[in-house]
1. Give the residues of segment 29-47 that are open to solvent by less than 20 Å² (accessible area, probe 1.4 Å) and either of a type in the set (Lys, Arg) or over 18 Å from residue 88 (Cβ atoms) (or both), sorted by residue number.
2. Looking only at segment 171-208, count how many residues are loosely packed, with under 15 Cβ neighbours inside 10 Å and in a loop (DSSP other than H, G, I, E, B).
3. Of the residues that make up segment 211-219, is at least one assigned to a helix (DSSP H, G or I), open to solvent by less than 40 Å² (accessible area, probe 1.4 Å), closer than 30 Å to residue 80 by Cβ and touching a strand residue (DSSP E or B) at 6+ places or on another chain (Cβ under 9 Å)?
4. Restricting to segment 189-229, name every residue that is closer than 14 Å to residue 127 by Cα and under 16 Å from the mean Cα position of the chain (by Cα).
5. Which condition number in (1) open to solvent by 40 Å² or more (accessible area, probe 1.4 Å); (2) under 12 Å from residue 164 (Cβ atoms) is the one that residue 68 fails?
6. Could you tell me whether residue 72 is more than 27 Å from residue 222 (Cβ to Cβ) and assigned to a loop (DSSP other than H, G, I, E, B)?
7. Pull out all pairs, ordered by first then second residue, where Cβ-Cβ is under 9 Å, the residues are six or more apart or on different chains, the first lies in segment 175-194 and is without any contact (Cβ under 8 Å) to a residue 24 or more places away in the chain and more than 14 Å from residue 110 (Cα to Cα), and the second is open to solvent by 50 Å² or more (accessible area, probe 1.4 Å) and acidic (Asp, Glu).
Amino acid sequence: MADPRVLAIRPDPDDPLGPVAEWLRGAGVEPVEVAGDEVPGNLAGYAGLIVLGGYMGANDDAAHPWLARVKALLREAVADELPTLGICLGGQLLAVANGGRVERSPDGPEYGAQLVAKRSVAAQDPLFRPLPIATDVIQWHVDAITRLPPGAIELASSPVCANQAFRLGRLAWGLQFHIETTPDLVRQWAADDADALDGYDLEAILRRSDAAHTDVAETWQPFIAEFAAVVRDPDSVPPLRAVPTSIAAPLTDPAAIRAALAAEAQAARAPLTPMSLPMPAVRPPHDD
C-alpha cells in the first residue's frame, strides 16, 4: 500500500521543505511539493497539507493573487479535519484564512535562533506534548499573528511574539517559526535581507543559527513524525477539550530553569494534567 501523500505548498522558492521532506518520508508519508502559484483547486487525493514560509505577507493577495487559493485550501482543510501544518507564513495564512489577524510585529522582527516556550495546555496536544518546555527554533519574520482565529488554542509563546504556535480545530497546527531550515539556507536569507539586518550583529546571528540547527532537528524531527502519525491515522486524535491558556512568566535564571525541568518531569508523568509552565527569555541576537 502506498504511503499517504501530503501536499506541501512552497510560496517562496527560497523556502523549500528541506529536511522536513526527509523526516516525513522516514515516518511513512510522501510529500508532494508545489509552488504557490501551482496550488490545486482542492485537496482531493491528499491526506494532509503543509504550507511553508515566504517573503510575501499573509495579506498580500493583491500582489500575489494565488494566496487567496492557498487560504481557501486552508479553510477546506480545517473544515474537513485534514491534518494541516502551517510554518511561518503558512501559520500566518492559516490564522488569516480562518478569522485571525496578521500585522507588522509590534515588538519588532525576529531573526535567527531563538527560544519558544510551551503553554500549559500543550501538555494535552498530541504534537506538542512530547516537546521540551523551551526549545530552539529559527525565526525570520517581520509580521506576526496579532489575533488568533476564533476557537484557536495557543500552544507556544515568547516574550517578543506571543502567538508562536497554535492549534485550530482538531487537526490543524500553525507555527510562527521555522523548523525546515539548514544553516546554508539561513545564510542565504541573511544575504538577501542584508539591508533589513543593518545594525544587527549578523555574524553572531549566523553563528548561533549554525549551532542551533542540530538541536532544532533533534526536537522537531520527532514532532514531524507525530504529525505524520496523525496523517496516517487522523482518528487517533480525540476531539478537543476547552482548556484555558495560562500566562507564562519569563524564565531567566538557572533556578527557574531547574524548576521548569522539574515541572516538565511532572508533566511527563501525568501528561493530561494542566499546569503552568514558565517561559524562557529571548536569546538576544547580539549575544555570542
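1. Matches in segment 29-47: 29, 43.
2. The number of residues fulfilling the criteria is 5.
3. First, the residues of segment 211-219 that are assigned to a helix (DSSP H, G or I): 211-219.
Those left that are additionally open to solvent by less than 40 Å² (accessible area, probe 1.4 Å): 212-213, 216-217, 219.
Checking which are closer than 30 Å to residue 80 by Cβ leaves us with 219.
Retained after the next criterion (residues that are touching a strand residue (DSSP E or B) at 6+ places or on another chain (Cβ under 9 Å)): 219.
Looking for residues that are assigned to a helix (DSSP H, G or I), open to solvent by less than 40 Å² (accessible area, probe 1.4 Å), closer than 30 Å to residue 80 by Cβ and touching a strand residue (DSSP E or B) at 6+ places or on another chain (Cβ under 9 Å), one finds at least one in segment 211-219, hence yes.
4. Of segment 189-229, the ones closer than 14 Å to residue 127 by Cα are 219-229.
The answer is 219, 220, 221, 222, 223, 224, 225, 226, 227, 228.
5. Unmet condition: (2).
6. Criteria not met by residue 72.
7. Matching pairs, first to second residue: 187/210.
Let's see how each residue does on (1) open to solvent by 10 Å² or more (accessible area, probe 1.4 Å); (2) without any contact (Cβ under 8 Å) to a residue 24 or more places away in the chain:
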residue: 127; (1), (2): no, no
residue: 130; (1), (2): yes, no
residue: 134; (1), (2): yes, no
residue: 142; (1), (2): yes, no
residue: 146; (1), (2): yes, no
residue: 151; (1), (2): yes, yes
residue: 155; (1), (2): no, no
residue: 162; (1), (2): yes, yes
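The values are calculated or read from the model by the stated rules, or taken from the named source; none is laboratory data. These numbers were taken from a predicted model, which means no experiment stands behind them. Neighbour counts run over all protein chains shown; Cβ positions are idealised from the backbone, glycine included. In case anyone asks, the SASA skips ligands and DNA or RNA and just uses the protein heavy atoms, side chains included. Shrake-Rupley method; radii C 1.70, N 1.55, O 1.52, S 1.80 Å.
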